[in-house]
Amino acid sequence: MNARLLEFNDIADEVRHFVFEADAENFTFLPGQFVSFSEPVDGKKVTRAYSIASPPQGNLFELCLNRVKEGKLSPKLFDMGIGDSIEMQGPLGYFVLRNPVSDTVFVATGTGIAPFRSMLKAHLQHDSEHQFTLIFGVRYDRNIMYKEEFELMAAQHPNFHFWPTLSRPEDGWQGRSGHVQSHLNEVIGERRDMDIYICGLKLMVDDVRSRLKELGFDRKRIIYEKYD
(Lines give C-alpha, C1' and ligand atoms only; values in the text may rest on other atoms or scores of the structure.)
Protein backbone atom coordinates (compact mmCIF):
# COMPACT_ATOMS: atom_id res chain seq x y z
CA MET A 1 0.00 0.00 0.00
CA ASN A 2 0.98 3.66 -0.10
CA ALA A 3 0.90 6.41 2.52
CA ARG A 4 0.02 9.95 1.46
CA LEU A 5 1.35 12.91 3.42
CA LEU A 6 -1.46 15.16 4.68
CA GLU A 7 0.38 17.59 6.96
CA PHE A 8 3.55 18.07 8.97
CA ASN A 9 5.12 20.44 11.48
CA ASP A 10 8.50 20.72 13.17
CA ILE A 11 8.29 20.03 16.91
CA ALA A 12 11.96 20.09 18.00
CA ASP A 13 15.45 20.50 16.58
CA GLU A 14 15.55 18.29 13.46
CA VAL A 15 12.35 16.51 14.57
CA ARG A 16 9.13 16.59 12.55
CA HIS A 17 5.59 15.37 13.22
CA PHE A 18 3.94 13.83 10.14
CA VAL A 19 0.30 12.96 9.45
CA PHE A 20 -0.24 10.31 6.77
CA GLU A 21 -3.22 8.57 5.25
CA ALA A 22 -2.96 4.91 4.23
CA ASP A 23 -4.65 3.96 0.95
CA ALA A 24 -5.98 0.69 2.40
CA GLU A 25 -9.59 -0.32 2.90
CA ASN A 26 -9.02 -1.58 6.44
CA PHE A 27 -5.98 0.02 8.03
CA THR A 28 -5.88 -1.01 11.68
CA PHE A 29 -3.06 -1.21 14.18
CA LEU A 30 -2.35 -1.73 17.88
CA PRO A 31 -0.84 1.24 19.73
CA GLY A 32 2.92 0.71 19.79
CA GLN A 33 3.20 -0.95 16.39
CA PHE A 34 5.22 0.42 13.48
CA VAL A 35 5.04 0.82 9.71
CA SER A 36 7.85 0.42 7.20
CA PHE A 37 8.48 2.90 4.40
CA SER A 38 10.38 1.97 1.23
CA GLU A 39 11.93 4.20 -1.42
CA PRO A 40 14.56 3.74 -4.15
CA VAL A 41 17.82 5.40 -3.14
CA ASP A 42 20.79 5.39 -5.50
CA GLY A 43 19.25 2.54 -7.45
CA LYS A 44 18.54 0.36 -4.42
CA LYS A 45 15.32 -0.06 -2.45
CA VAL A 46 15.75 1.24 1.10
CA THR A 47 13.29 0.26 3.84
CA ARG A 48 13.06 1.76 7.32
CA ALA A 49 10.68 1.11 10.22
CA TYR A 50 8.95 3.93 12.10
CA SER A 51 6.78 3.66 15.21
CA ILE A 52 3.27 5.06 14.93
CA ALA A 53 2.85 8.04 17.26
CA SER A 54 -0.95 8.25 17.27
CA PRO A 55 -3.92 6.19 18.46
CA PRO A 56 -6.00 4.30 15.89
CA GLN A 57 -8.09 6.78 13.88
CA GLY A 58 -9.30 5.19 10.67
CA ASN A 59 -6.78 5.36 7.85
CA LEU A 60 -4.82 8.20 9.45
CA PHE A 61 -1.61 7.70 11.37
CA GLU A 62 1.11 9.98 12.70
CA LEU A 63 4.88 9.63 12.91
CA CYS A 64 7.55 11.44 14.90
CA LEU A 65 10.85 11.37 12.99
CA ASN A 66 14.23 12.95 13.32
CA ARG A 67 16.27 13.94 10.31
CA VAL A 68 19.39 11.79 10.11
CA LYS A 69 21.68 13.87 7.91
CA GLU A 70 23.68 10.86 6.75
CA GLY A 71 20.58 8.67 6.63
CA LYS A 72 19.31 6.92 3.53
CA LEU A 73 15.60 7.62 3.91
CA SER A 74 14.85 10.29 6.51
CA PRO A 75 16.18 13.19 4.38
CA LYS A 76 13.80 12.13 1.61
CA LEU A 77 10.88 12.02 4.04
CA PHE A 78 11.72 15.55 5.18
CA ASP A 79 11.69 16.63 1.54
CA MET A 80 8.17 15.30 0.97
CA GLY A 81 5.43 17.81 0.18
CA ILE A 82 1.76 17.71 1.06
CA GLY A 83 0.06 15.13 -1.18
CA ASP A 84 3.22 13.14 -1.89
CA SER A 85 3.05 9.37 -1.37
CA ILE A 86 5.50 6.67 -0.34
CA GLU A 87 5.36 2.87 -0.41
CA MET A 88 4.42 1.38 2.96
CA GLN A 89 4.18 -2.03 4.64
CA GLY A 90 2.54 -2.90 7.94
CA PRO A 91 1.50 -2.29 10.59
CA LEU A 92 3.89 -4.69 12.31
CA GLY A 93 5.47 -5.34 15.69
CA TYR A 94 4.78 -6.64 19.18
CA PHE A 95 5.79 -3.61 21.26
CA VAL A 96 2.27 -3.14 22.65
CA LEU A 97 0.67 -2.95 26.07
CA ARG A 98 0.47 -6.29 27.84
CA ASN A 99 -2.92 -7.76 28.62
CA PRO A 100 -3.85 -7.57 31.44
CA VAL A 101 -2.39 -4.14 32.03
CA SER A 102 -0.37 -3.47 35.21
CA ASP A 103 0.92 -0.29 36.75
CA THR A 104 3.40 0.85 34.13
CA VAL A 105 6.55 2.91 33.68
CA PHE A 106 7.47 4.15 30.20
CA VAL A 107 11.11 5.14 29.62
CA ALA A 108 11.88 7.03 26.41
CA THR A 109 14.55 9.20 24.87
CA GLY A 110 14.23 11.28 21.71
CA THR A 111 11.82 9.97 19.09
CA GLY A 112 11.46 6.83 21.19
CA ILE A 113 8.51 8.77 22.60
CA ALA A 114 6.40 7.85 19.55
CA PRO A 115 4.94 4.47 20.59
CA PHE A 116 4.23 5.73 24.10
CA ARG A 117 2.25 8.68 22.76
CA SER A 118 0.20 6.18 20.78
CA MET A 119 -0.35 3.92 23.80
CA LEU A 120 -1.23 6.70 26.22
CA LYS A 121 -3.64 8.49 23.88
CA ALA A 122 -5.45 5.22 23.20
CA HIS A 123 -5.45 3.76 26.71
CA LEU A 124 -5.77 6.54 29.28
CA GLN A 125 -9.28 7.47 28.21
CA HIS A 126 -10.68 4.19 29.56
CA ASP A 127 -8.28 3.25 32.38
CA SER A 128 -8.33 5.22 35.62
CA GLU A 129 -7.29 2.22 37.73
CA HIS A 130 -3.64 1.71 36.80
CA GLN A 131 -0.78 4.13 37.34
CA PHE A 132 1.30 5.24 34.35
CA THR A 133 4.55 7.20 34.59
CA LEU A 134 6.45 8.49 31.56
CA ILE A 135 10.14 9.30 32.04
CA PHE A 136 11.18 11.20 28.92
CA GLY A 137 14.79 12.21 28.38
CA VAL A 138 16.09 14.82 25.95
CA ARG A 139 19.00 17.25 26.00
CA TYR A 140 17.24 20.61 26.20
CA ASP A 141 13.84 21.96 27.22
CA ARG A 142 13.10 22.97 23.62
CA ASN A 143 13.45 19.33 22.55
CA ILE A 144 10.65 17.95 24.76
CA MET A 145 8.32 16.74 22.04
CA TYR A 146 4.58 16.93 22.78
CA LYS A 147 5.30 18.63 26.11
CA GLU A 148 1.98 20.49 26.28
CA GLU A 149 0.07 17.35 25.29
CA PHE A 150 1.61 15.27 28.06
CA GLU A 151 1.14 18.03 30.60
CA LEU A 152 -2.53 18.22 29.66
CA MET A 153 -2.84 14.42 29.92
CA ALA A 154 -1.37 14.58 33.43
CA ALA A 155 -3.83 17.32 34.40
CA GLN A 156 -6.81 15.38 33.05
CA HIS A 157 -5.77 11.92 34.27
CA PRO A 158 -4.57 11.73 37.92
CA ASN A 159 -3.17 8.24 37.26
CA PHE A 160 -0.71 9.57 34.65
CA HIS A 161 2.57 11.22 35.65
CA PHE A 162 4.87 13.02 33.20
CA TRP A 163 8.54 13.24 34.14
CA PRO A 164 10.64 15.05 31.52
CA THR A 165 14.35 15.05 32.34
CA LEU A 166 17.11 17.05 30.66
CA SER A 167 20.67 15.83 30.22
CA ARG A 168 21.85 19.39 29.49
CA PRO A 169 19.52 21.65 31.49
CA GLU A 170 19.86 25.37 30.94
CA ASP A 171 19.38 28.20 33.42
CA GLY A 172 15.84 28.40 34.68
CA TRP A 173 14.95 24.73 34.30
CA GLN A 174 13.03 23.61 37.40
CA GLY A 175 12.37 19.98 36.51
CA ARG A 176 14.38 16.78 36.69
CA SER A 177 17.84 16.63 35.19
CA GLY A 178 20.27 13.92 34.23
CA HIS A 179 19.67 10.79 32.20
CA VAL A 180 16.50 8.73 32.44
CA GLN A 181 18.41 5.95 34.22
CA SER A 182 18.98 8.18 37.25
CA HIS A 183 15.24 8.39 37.96
CA LEU A 184 14.39 4.69 37.95
CA ASN A 185 14.69 4.22 41.71
CA GLU A 186 12.49 7.25 42.33
CA VAL A 187 9.58 5.87 40.34
CA ILE A 188 9.99 2.19 41.20
CA GLY A 189 10.87 2.30 44.88
CA GLU A 190 10.53 -1.14 46.41
CA ARG A 191 8.01 -2.37 43.86
CA ARG A 192 8.82 -5.19 41.47
CA ASP A 193 5.27 -5.78 40.23
CA MET A 194 5.25 -3.08 37.54
CA ASP A 195 5.74 -3.39 33.79
CA ILE A 196 8.61 -1.31 32.39
CA TYR A 197 8.56 -0.33 28.70
CA ILE A 198 11.75 1.14 27.22
CA CYS A 199 12.21 2.77 23.82
CA GLY A 200 15.15 4.69 22.40
CA LEU A 201 18.72 4.23 21.31
CA LYS A 202 20.53 0.98 22.05
CA LEU A 203 22.90 2.30 24.74
CA MET A 204 20.07 3.71 26.85
CA VAL A 205 17.83 0.68 26.42
CA ASP A 206 20.60 -1.76 27.35
CA ASP A 207 21.63 0.30 30.38
CA VAL A 208 18.07 0.56 31.71
CA ARG A 209 17.53 -3.17 31.22
CA SER A 210 20.76 -3.94 33.07
CA ARG A 211 19.83 -1.71 36.00
CA LEU A 212 16.36 -3.21 36.26
CA LYS A 213 17.78 -6.72 36.33
CA GLU A 214 20.20 -5.66 39.07
CA LEU A 215 17.19 -4.39 41.02
CA GLY A 216 15.61 -7.82 40.78
CA PHE A 217 13.04 -7.25 38.06
CA ASP A 218 11.67 -10.30 36.26
CA ARG A 219 12.83 -10.05 32.65
CA LYS A 220 9.24 -10.71 31.52
CA ARG A 221 8.26 -7.32 32.97
CA ILE A 222 10.89 -5.50 30.91
CA ILE A 223 9.56 -4.79 27.41
CA TYR A 224 11.79 -2.86 25.02
CA GLU A 225 12.37 -1.65 21.49
CA LYS A 226 15.65 -0.26 20.17
CA TYR A 227 15.95 2.46 17.52
CA ASP A 228 19.42 1.66 16.21
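The values are calculated or read from the model by the stated rules, or taken from the named source; none is laboratory data. Quick caveat: nothing in here was measured; it's all calculated off a predicted structure. Cβ atoms come from the backbone with ideal geometry, glycine included; neighbour counts cover every protein chain shown. Just the protein is used for accessible areas: all its heavy atoms, side chains included, with ligands, DNA and RNA removed. Shrake-Rupley method; radii C 1.70, N 1.55, O 1.52, S 1.80 Å.
Numbers at a glance
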| quantity | calculated |
| --- | --- |
| Spin-label proximity, Tyr140 to region 52-86 - amide N less than 19 Å from point 7 Å beyond Cα toward beta carbon | 65-69 |
| Phi to ³J(HN,Hα) by Karplus 6.51 cos²θ - 1.76 cosθ + 1.60 over region 64-80, Hz, x for Gly, Pro | 10, 10, 9, 7, 9, 4, 8, x, 7, 10, 4, x, 5, 5, 6, 8, 5 |
| D_trans [Stokes-Einstein, Kirkwood Rh over alpha-carbon pairs] for region 65-113, 4 °C, 1.567 mPa s, µm² s⁻¹ | 90 |
| Entries in Lys69/Lys147; Lys44/Lys69; Lys72/Lys202; Lys44/Lys226; Lys69/Lys213 that, when Cα-Cα distance is taken, lie over 30 Å | Lys69/Lys213 |
| Rounded to the nearest 10 Å², the accessible area of Met145 at probe 1.4 Å | 10 |
| Label-to-label distance, nm, for residues given as Asp79 and Gln156 (7 Å Cα→Cβ offset) | 3.8 |
| Sites Arg219 and Ser36, calculated FRET efficiency, Cβ-Cβ separation with R0 30 Å, nearest 0.05 | 0.65 |
| Peptides 167-173, 66-72 ordered by average Cβ neighbours within 10 Å, highest first | 66-72, 167-173 |
| Protection proxy ranking, peptides 204-216, 46-58, average beta carbon neighbours within 10 Å, highest first | 46-58, 204-216 |
| Over region 1-132, volume per residue of the alpha carbon convex hull, in Å³ | 115 |
| Accessible-area value, Phe20, 1.4 Å probe, nucleic acids and ligands omitted, Å² | 0 |
| Per residue Cα convex hull volume in Å³ - calculated over region 1-76 | 91 |
| Per-selection Kirkwood Rh - region 148-208 (Cα, Å, 1 d.p.) | 13.6 |
| Distant-in-sequence amide H partners of Tyr224 (H built 1.01 Å from N, under 5 Å) | Ile198 |
| Share of Cα-Cα pairs in region 108-147 lying beyond 14 Å, as whole percent | 49 |
| Percent carbon-and-sulfur accessible area, region 77-228, ignoring ligands, DNA and RNA, probe 1.4 Å | 46 |
| Geometric extent, Cα atoms of the chain - Rg, Dmax (angstrom) | 17.6, 55 |
